[in-house]
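Each reported figure results from applying straightforward, stated rules to the coordinates on display, with no laboratory input. Fair warning: this is a prediction, and the values are worked out from it, not measured in the lab. Please note: Cβ atoms are built from the backbone with ideal geometry, for glycine as well, and neighbour counts cover all protein chains shown.
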């Protein structure tokens, strides 16, 4: 005898059961329900307890996005190393002036602090930016 079983995850399927064995059909249906429940619980636990799981970010709508993944950490460190290597190509004056400019000072303010000519400070910063663009 064939029995039809409906499973929310597997869909509807037929199984072969000994003649008129309703206990076997009931046992199979109970097993299917229990198996489905265990699978859903495992997926729920994985979603809530795995902060680096990429699908968890979709399910949690970004609430886990503040966790930095190992890939993000590695990429950030590589960018920092590249940035430091690029800064090492600058002359001491270019480096000093570029850092002040990045801190928000204008060329005029930097020239006043270093008691240098405005045009030399502007040229120094411009050259530093060109070098960094070339390297990065």
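Just the number, please: Stokes-Einstein D of the range 70-135 in µm²/s, Kirkwood Rh from C-alpha pairs, 37 °C, 0.692 mPa s. Walk me through the intermediate numbers first.
Values: Rh = 12.7 Å.
Result for D is 258 µm²/s.
Sorted by average packing, counted as other Cβ atoms within 10 angstrom per residue and highest first, what order do 82-91, 98-107 take? Don't skip to the answer; put the middle values down first.
Numbers: 82-91: 13.1, 98-107: 14.6.
Packing order, densest peptide first, comes out as 98-107, 82-91.
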